Amino acid sequence: MSKKSIIIEPDPILRKKSESLEKVDSNVRKLMDDMLETMYEAPGIGLAAVQVGILKRLIVIDISKEEQKRDPIFLANPTFTYKSKDTSVYEEGCLSLPGHFAEIERPAECHVKFINYNGEQEEIKAKGLLATCIQHEVDHLNGVLFIDYLSKLKKDMIIKKLKKHKKEMNKIIL
Ligand code: GNR
Ligand code: NI
C-alpha cells in the first residue's frame, strides 16, 4: 500500500464531477487500499478519490472508534435510493479543509446502493454519523464541499484562510 497526498482547497480539481467506474478490478482495489491507508494516516473517517486527485466515483469510510476494531467500507459508484425528510446536525470537518469545522444539517438517514470491494452490488441503510459521512463523501464526487452550505461570508473567510495557509506552506518548501 502507498500513502497519497491530500489535495487542499482552493483547488479546481475539488470542484470537478467524478466519473463512474466500469468495474471493480485489481487496479481499483489497489486504489481503494491506498485511499484507506491515506485516510487512516490523516487521520479521517472518510475519503473520496478526488481528494487524492483521482476523478473516479470511489469512497472509503471507517467510522469505528478504536484502531484495533477497524471496519472499513468501500463504495464504488454510490447512489442514494432513499434520503429521510428528518434531518440531523453534525460538526463536520474535511481533510481538504484542514483546521475548519462547521455544523451542517443533512438528512438523518439514507440508503445507498454501490459496488463493494469484491465487485458485488450492495445496499446499506445508514443513520447517525455514517449517514452524514456517506453524504459528505458523495458530495465530493459531485464537486461539493461542506463550506458550500455556509453563508457566503463564512465560506469566503475559510477559503481566504486556506489560501494564506497554502502560500505559507509554499514558502517553507521553496
Ligand atoms: O474525517 C472526517 N470527519 C468527518 C466528520 C464529520 C462529517 C464528515 C467527516 S468526513 C472527514 C474526512 C473527509 O474529508 N472526507 O471527505
Ligand atoms: Ni471531505
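The values are calculated or read from the model by the stated rules, or taken from the named source; none is laboratory data. Predicted model only: the values in this text are computed from it and were never measured. Counting neighbours? That spans all protein chains shown, and the Cβs are built from the backbone with ideal geometry, glycine included. Note: accessible area is taken over every heavy atom of the protein model, side chains too, but ligands, DNA and RNA are not part of it. Shrake-Rupley method; radii C 1.70, N 1.55, O 1.52, S 1.80 Å.
Within region 128-163, the residues that satisfy the criterion of being within 14 Å of ligand 2 (Cβ to nearest atom), surrounded by fewer than 21 Cβ atoms within 10 Å (Cβ to Cβ) and acidic (Asp, Glu) are ASP139, ASP148. Filtering ILE73, ILE7, ILE61 for residues that are more than 23 Å from ASP148 (Cα to Cα) and either within 15 Å of ligand 1 (Cβ to nearest atom) or aromatic (Phe, Trp, Tyr) (or both) leaves a single hit, ILE73. Please pick out the residue among LEU31, LEU47 that is within 15 Å of ligand 2 (Cβ to nearest atom) and either touching a strand residue (DSSP E or B) at 6+ places or on another chain (Cβ under 8 Å) or not acidic (Asp, Glu) (or both). Only one candidate passes the filter, namely LEU47.
Could you pull out the residue among LYS69, LYS83, LYS113, LYS125 that is open to solvent by 80 Å² or more (accessible area, probe 1.4 Å) and at pLDDT below 95?
Values: LYS83 fails: at pLDDT below 95; LYS113 fails: at pLDDT below 95; LYS125 fails: at pLDDT below 95.
Just one listed residue meets the conditions, LYS69.
Output the residues belonging to region 50-108 that are outside any strand (DSSP E or B), among the polar types (S, T, N, Q) and farther than 19 Å from LYS17 by Cβ.
Going through region 50-108, the residues outside any strand (DSSP E or B) turn out to be 50-55, 57, 62-72, 84-86, 94-100, 108.
Filter again for among the polar types (S, T, N, Q), leaving 51, 64, 68, 84, 96.
Listed by number, the residues that qualify are SER64, GLN68, SER84.
Restricting attention to region 1-25, report how many residues are open to solvent by 70 Å² or more (accessible area, probe 1.4 Å) and under 20 Å from ALA76 (Cβ atoms). Talk me through it step by step, then tell me what you get.
Pass one, region 1-25, residues open to solvent by 70 Å² or more (accessible area, probe 1.4 Å): 1, 3, 5, 12, 15-17, 19-20, 22-23.
Pick out the ones that are also under 20 Å from ALA76 (Cβ atoms) and you get 1, 16-17, 19-20, 22-23.
Selection size over region 1-25: 7.
In region 150-174, the residues that are modelled with pLDDT of 90 or more form Cβ pairs under 6 Å with partners that are surrounded by 12 or more Cβ atoms within 10 Å (Cβ to Cβ) and charged (D, E, K, R), at six or more places apart or across chains, as follows: LEU162/GLU9. Quick check on region 126-135. Is at least one of its residues more than 10 Å from ligand 1 (Cβ to nearest atom), over 19 Å from GLY99 (Cα atoms) and part of a strand (DSSP E or B)? So far as region 126-135 goes, yes, one or more of its residues are more than 10 Å from ligand 1 (Cβ to nearest atom), over 19 Å from GLY99 (Cα atoms) and part of a strand (DSSP E or B). Condition (residue is more than 13 Å from ligand 1 (Cβ to nearest atom) and either aliphatic (A, V, I, L, M) or assigned to a strand (DSSP E or B) (or both)) applied to region 139-153: is it met by at least one residue? Yes, that holds for at least one residue. Scanning region 98-152 for residues being out of contact with any strand residue (DSSP E or B) (no Cβ under 9 Å at 6 or more places or on another chain), of a type in the set (Asp, Glu) and more than 13 Å from LEU75 (Cα to Cα) gives a total of 1. When region 86-110 is limited to residues that are of a type in the set (A, V, I, L, M, F, W, C) and away from ligand 2 (no atom under 16 Å from the Cβ), the one that is least open to solvent (accessible area, probe 1.4 Å) turns out to be CYS110.
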